[in-house]
1. Return the residues of the range B:155-199 that are farther than 19 Å from residue B:142 by Cβ, within 14 Å of another protein chain (Cβ to nearest Cβ) and assigned to a strand (DSSP E or B); say none if nothing qualifies.
2. Which of the residues spanning the range A:43-69 are surrounded by 15 or more Cβ atoms within 10 Å (Cβ to Cβ), more than 19 Å from residue B:365 (Cβ to Cβ) and within 14 Å of another protein chain (Cβ to nearest Cβ)?
3. Can you spot a residue in the range B:150-164 that is crowded, with 23+ Cβ neighbours inside 10 Å and touching a residue at least 24 places away in the same chain (Cβ under 8 Å)?
4. Kindly provide the set of residues from the range B:314-359 that are free of Cβ contacts under 8 Å to residues at least 60 places away in the same chain and either within 14 Å of chain A (Cβ to nearest Cβ) or touching a helix residue (DSSP H, G or I) at 6+ places or on another chain (Cβ under 6 Å) (or both), ordered by number.
5. Please give the strands (runs of 3 or more DSSP E) falling wholly within the range B:312-401 in which 3 or more residues are closer than 30 Å to residue A:32 by Cβ, at pLDDT 95 or above and not assigned by TED's automatic domain parsing to the domain that holds residue B:143.
6. Could you count how many residues in the range B:275-301 are without any contact (Cβ under 8 Å) to a residue 60 or more places away in the chain and either under 19 Å from residue B:87 (Cβ atoms) or buried (at least 16 other Cβ atoms within 10 Å of the Cβ) (or both)?
7. Do we find that residue B:324 is surrounded by fewer than 20 Cβ atoms within 10 Å (Cβ to Cβ) and under 16 Å from residue B:405 (Cβ atoms) in this structure?
8. Here are the criteria: (1) closer than 29 Å to residue B:162 by Cβ; (2) without any contact (Cβ under 8 Å) to a residue 24 or more places away in the chain; (3) within 13 Å of the chain's Cα centre (by Cα); (4) not in a loop (DSSP other than H, G, I, E, B). Tell me which single one residue A:9 does not satisfy.
């Protein structure tokens with residue numbers, strides 16, 4: 001799951017130059033660092049819901065919950081079962 | 001009742017804004033808006049005459065005698081305010097004339113005035129789209145568009161800034177929706193770059209999508225006759241929704257509009273909440289805006305001068321050794337990358353009689369701090385020569401002349 005989400009973030013949010021410069025891993029802050037802004041976060045939420053067949057309630061899809069790939073994995077797993 | 005616990009929380013928030021260095025302070029201008037102004041800053045300091053490089057007064061019409069006279073005339077003949085929303089008893093002949101003139105100027109089918117372009121953007125999406133539709137926006141669109149999209153039930157999506165491959169991917173992905181609306185600024189206000197509207201219109205045709213452009217930083221001067229980015233990119237008449245402002249090049253007071261397809265404008269008249277629930281644009285503003293459009297329809301002299309000033313300014317900054325964002329618009333950002341450096345240089349330039357503002361995260365992306373300069377038709381070359389001398393002096397003081405992005409970051413960090 002980790003690599004799938006990291007790949008999605010690289011393709012969806014970084015341009016080529018940034019993707020080369022930046023070392024992105026599961027602990028990299030996404031929202032607080034400005035890589036993903038809250039305006040653009042909706043496509044990530046939709047991607048996760050479709051890919052993992054989950055429904056992430058809006059009140060839980062907070063900037064904190066989406067701030068690192070590890071946080072995202074925890075959120076998806078919570079709703080998976 | 002103002003509970004202490006609430007007051008304390010507000011104070012803590014304000015302190016945190018100050019601590020982060022993003023507390024906004026107003027500078028008091030003791031003169032009309034113009035290329036050279038008299039400023040009190042900080043509050044209580046002696047007045048200083050400065051060259052203004054940060055207003056949106058692109059065509060220098062904010063204090064133009066003919067525009068001021070037209071406002072006076074409308075004030076005398078039609079009064080000060082309407083004390084009503086448009087559809088109750090707030091529509092004058094001036095409003096209908098202005099809407100018709102804007103329609104003609106922008107090359108659309110119809111136009112509806114709003115109190116501001118912020119209000120136009122806040123109201124238009126909700127009025128014309130529903131949950132069957134999708135809005136696909138450039139990631140750097142203006143905050144008012146982001147707010148307007150949030151008020152709308154249609155699905156939201158975004159594409160990487162000006163990235164046509166990414167936009168195409170999104171259009172393919174959303175072919176199952178009833179309607180698709182591509183949303184972009186014409187000129188992006190922080191970078192001064194121009195949306196590739198020709199390519200956007202092509203994709204829109206291919207994927208059956210509508211196009212929305214906020215042309216606030218373009219109406220009046222982009223394109224050979226100043227109609228906007230749609231003229232600049234050769235797609236005049238092909239934009240479904242244009243929003244723009246009277247608060248920048250077109251006189252600079254306030255007011256905005258939605259201009260575009262007849263049905264879309266009519267739906268705004270029926271449903272757009274900022275239109276329905278706020279007062280009509282005041283008569284002096286409507287009268288003055290009509291005069292502005294008359295001036296601009298007669299001659300392209302002012303937009304031509306603005307273009308010449310912009311060419312001079314971009315060239316002069318290049319030659320001085322600054323890193324600037326390339327583009328065709330009168331918005332010319334000087335890239336400094338480091339937030340503190342942008343503030344220090346703006347402060348020193350003020351001491352040299354140049355009024356500019358440094359921008360940094362979160363107003364622009366992290367590590368992209370800059371000083372944004374904006375040209376006006378009110379500037380003249382000697383004025384810009386004085387400004388460039390000041391930039392060179394301060395640039396040399398900080399040792400950044402001739403350095404590229406990497407060099408500046410090595411010296412000051414990002």
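1. Within the range B:155-199, just B:155 meets the criteria.
2. A:45, A:46, A:47, A:49, A:61
3. no
4. Result: B:324, B:345, B:348, B:349, B:352, B:358.
5. Values: elements: B:331-337, B:357-359, B:369-374.
Because the criterion is at least 3 residues that are closer than 30 Å to residue A:32 by Cβ, at pLDDT 95 or above and not assigned by TED's automatic domain parsing to the domain that holds residue B:143, the strands (runs of 3 or more DSSP E) in the range B:312-401 that meet it are B:331-337, B:369-374.
6. 0
7. Yes, satisfied.
8. (2)
The values are calculated or read from the model by the stated rules, or taken from the named source; none is laboratory data. All figures in this text were calculated on a predicted structure; none of them were measured in a lab. Cβ sites come from the backbone with ideal geometry, for glycine too, and all protein chains shown count toward neighbours.
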